[in-house]
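Below is one structure, written out as structure tokens; comments come after it.
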Ligand SMILES: Cc1ncc(C[n+]2csc(CCOP(=O)(O)OP(=O)(O)O)c2C)c(N)n1
Ligand code: SF4
Ligand SMILES: [Mg+2]
């Protein structure tokens, strides 16, 4: 039976199903409903967890590290400015190899202040050593949080994970969601027994020591290996999840790509719009395919190389941008395909700060992409930006 | 001393540094059933260069400004598991009074069962003697340089962190000085027996930053208290502070002249007068005329 849930509710249910021990938090739009619900679960006695309302996101992620290092299963949720405030400590969570799981309501960063959707917040944390997952739907949000615990807690990985749900489009929008049975989730995740060293007075150890040049690089190389291992563990966990719950996940999902000349690459909720648009266009005989990126870190290089082999043009739909370069996903795809008989790869910056991504948006993307089939087009294309307004008005 | 092995010798703290004396005595009292959270600073850097460690109790360092938040998380996890141990944070004055004051304020306000110890060497020493909010009036540091245009050095009074903790109604707050070891031990014992958020402010000689003779470290902090500059007191649950030691009120010049960081003041008696006036005012507020 399916229940109508907002994305934030999906995330909160997932944390409850995972039987988290500690939930440190600090509120921020659009993810605030997650901690509010956890607070209610704890108050009702539905969830036996310690809820800590901290003084900032910086303190929330710091408390998450403390609790995780004491052997607790830890979840938290944030977005945008909150995630940016955590930045310093995100490196430490991954460097200390703690399997914390965080739900993100993907939201634009200031300035100008804006509470709506784009992926700038998590993209800006790309290099912090966290696994990154992006949900297309609220069901995916719930499932990915559960799977993130299993992946992060795997002895071969021991790295934290963040799962992004698009602000408002998912976090505040009702969708039918299957909430798995507790007993099945218990079977899937197992009782949490830390398989890493913890703060233990019977077995004292030093954590977060000073690493000199003689040792620092080995710690980082170990993290590199763990990210590589995560790539396999993700496949295993996705398969096990499908066996148990009947829902299929993969790092990249290909649709209509077999005969396609043009491939759109998307991340997050706009994938649904892209899919319907492509279905419509295929009826007109246009050979367009779709690739949805569910996992952004570790970046699914092998899968993409296989999927994009022989394609003519790739349109990367970036809901973020790296000033001075272009879209971040574009950069990754370009680097992944370089020197491999690569298709033409074109970047599209769309939907920043919550601007809707519609059929019209994809129509414009397709127009430029089709031109790209024949001749040369701009490398970075800002879609649906009022360029005149920028010229006329003083945006600076 | 029982349990004196919990903080091992062989660390890299400077000769004459008071930090290891403070830590060793506190761990000797708290014993093996202790978890330490350390903020970035001299203590952390000098005691844990991988793969060696001076700590024989579980110890964690996460960052500069968040020891109190990390401790909050540890305490929550212990609550969930039904475990009990002393959780002790050690932070420098910078990591506590400045960049870490928000996390500390939150930890105390939420009532976590943690003892927070601020070792106060009155500057950011680990990065090379920069002023902090706890640097006293008139002290030279590398960011309160003394010159023609600024003959005072640090022109602002010391931030009263322990009093700020009293205003938070922390369950126990005390100032301590290892030169007064009986008072020191009594307060640490009391702090460890008390439930809830507790705060200890320990003055800590830094011969490197104070420009003082490393063999005189204990005498110097003894003078800090005997001149009335660093009073010893305690407070429970936000109540009126109780003075635990009545100083001799020696002339403050004796304290100042033992340290190069105050040398420039000796040529400027009006600044010394101001220090004396501040001391007088503090004691007057607490019912003592000097
Ligand atoms: C966010 C951040 N800013 C700055 C630093 C650099 N830093 C490391 S230790 C330190 C000073 C520490 O001062 P204090 O807390 O008084 O401890 P002490 O070094 O005196 O023992 C500074 C500024 C840092 N590690 N992290
Ligand atoms: S610089 Fe000062 S505080 Fe730091 S170890 Fe040396 S004496 Fe101690
Ligand atoms: Mg200091």
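The values are calculated or read from the model by the stated rules, or taken from the named source; none is laboratory data. Quick caveat, the model's predicted, so the values are computed rather than measured. As a convention, Cβ positions derive from the backbone with ideal geometry for all residues, glycine included, and neighbour counts pool all protein chains shown.
Key figures
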item: Set A:39, A:59: member being surrounded by fewer than 22 Cβ atoms within 10 Å (Cβ to Cβ) and either at pLDDT 95 or above or over 16 Å from residue A:104 (Cβ atoms) (or both); result: A:39
item: Members of region B:64-87 that are surrounded by 24 or more Cβ atoms within 10 Å (Cβ to Cβ) and facing chain A (nearest Cβ under 7 Å); result: B:66, B:69, B:70, B:71, B:72, B:73, B:74, B:76, B:77
item: Some residue of region B:32-41 being under 27 Å from residue B:213 (Cβ atoms) and within 16 Å of ligand 3 (Cβ to nearest atom); result: yes
item: One residue from B:191, B:170, B:179, B:202 being closer than 19 Å to residue B:97 by Cα, away from chain A (no Cβ under 14 Å), more than 16 Å from ligand 1 (Cβ to nearest atom) and touching a strand residue (DSSP E or B) at 6+ places or on another chain (Cβ under 9 Å); result: B:170
item: Region B:114-136: number of residues that are assigned to a strand (DSSP E or B), within 10 Å of ligand 3 (Cβ to nearest atom) and under 18 Å from residue B:18 (Cα atoms); result: 4
item: Only one of A:244, A:292, A:306 that is touching a residue at least 12 places away in the same chain (Cβ under 8 Å) and surrounded by fewer than 15 Cβ atoms within 10 Å (Cβ to Cβ); result: A:244
item: Filter pass, residue B:234 being under 28 Å from residue B:42 (Cα atoms) and either touching a helix residue (DSSP H, G or I) at 6+ places or on another chain (Cβ under 9 Å) or without any contact (Cβ under 8 Å) to a residue 12 or more places away in the chain (or both); result: yes
item: Per-region count, region A:142-166, residues touching a helix residue (DSSP H, G or I) at 6+ places or on another chain (Cβ under 7 Å) and in a loop (DSSP other than H, G, I, E, B); result: 6
item: Search result, residues across region B:88-111 that are in contact with a strand residue (DSSP E or B) (Cβ under 8 Å, 6 or more places away or on another chain) and at the interface with chain A (Cβ under 9 Å from one of its Cβ atoms); result: B:107, B:110
item: Among the candidates B:129, B:99, residue that is at pLDDT 95 or above and either within 16 Å of ligand 2 (Cβ to nearest atom) or closer than 20 Å to residue B:262 by Cβ (or both); result: B:129
item: Test for residue A:198: is it within 12 Å of chain B (Cβ to nearest Cβ), touching a residue at least 12 places away in the same chain (Cβ under 8 Å) and surrounded by fewer than 23 Cβ atoms within 10 Å (Cβ to Cβ); result: yes
item: Any helices (runs of 4 or more DSSP H) falling wholly within region A:1-77 and containing at least 2 residues that are under 21 Å from residue A:125 (Cα atoms) and within 12 Å of chain B (Cβ to nearest Cβ); result: A:57-69
item: Residues satisfying the stated conditions in region A:141-159, i.e. farther than 19 Å from residue A:37 by Cα and out of contact with any strand residue (DSSP E or B) (no Cβ under 7 Å at 6 or more places or on another chain); result: A:147, A:150, A:153, A:154, A:155, A:156, A:157, A:158
item: Search result, residues across region B:47-96 that are within 13 Å of ligand 1 (Cβ to nearest atom) and over 17 Å from the mean Cα position of the chain (by Cα); result: B:47, B:61, B:62, B:63
item: Residue match in region B:23-31 (condition: away from ligand 1 (no atom under 16 Å from the Cβ), within 11 Å of another protein chain (Cβ to nearest Cβ) and touching a helix residue (DSSP H, G or I) at 6+ places or on another chain (Cβ under 9 Å)); result: yes
item: Filter result for the condition that a residue is within 24 Å of residue B:113 (Cα to Cα) and buried (at least 16 other Cβ atoms within 10 Å of the Cβ), over B:239, B:195, B:189, B:234; result: B:234
item: Output for region B:256-279, where each listed residue is free of Cβ contacts under 8 Å to residues at least 12 places away in the same chain and either in contact with a strand residue (DSSP E or B) (Cβ under 6 Å, 6 or more places away or on another chain) or surrounded by 14 or more Cβ atoms within 10 Å (Cβ to Cβ) (or both); result: B:257
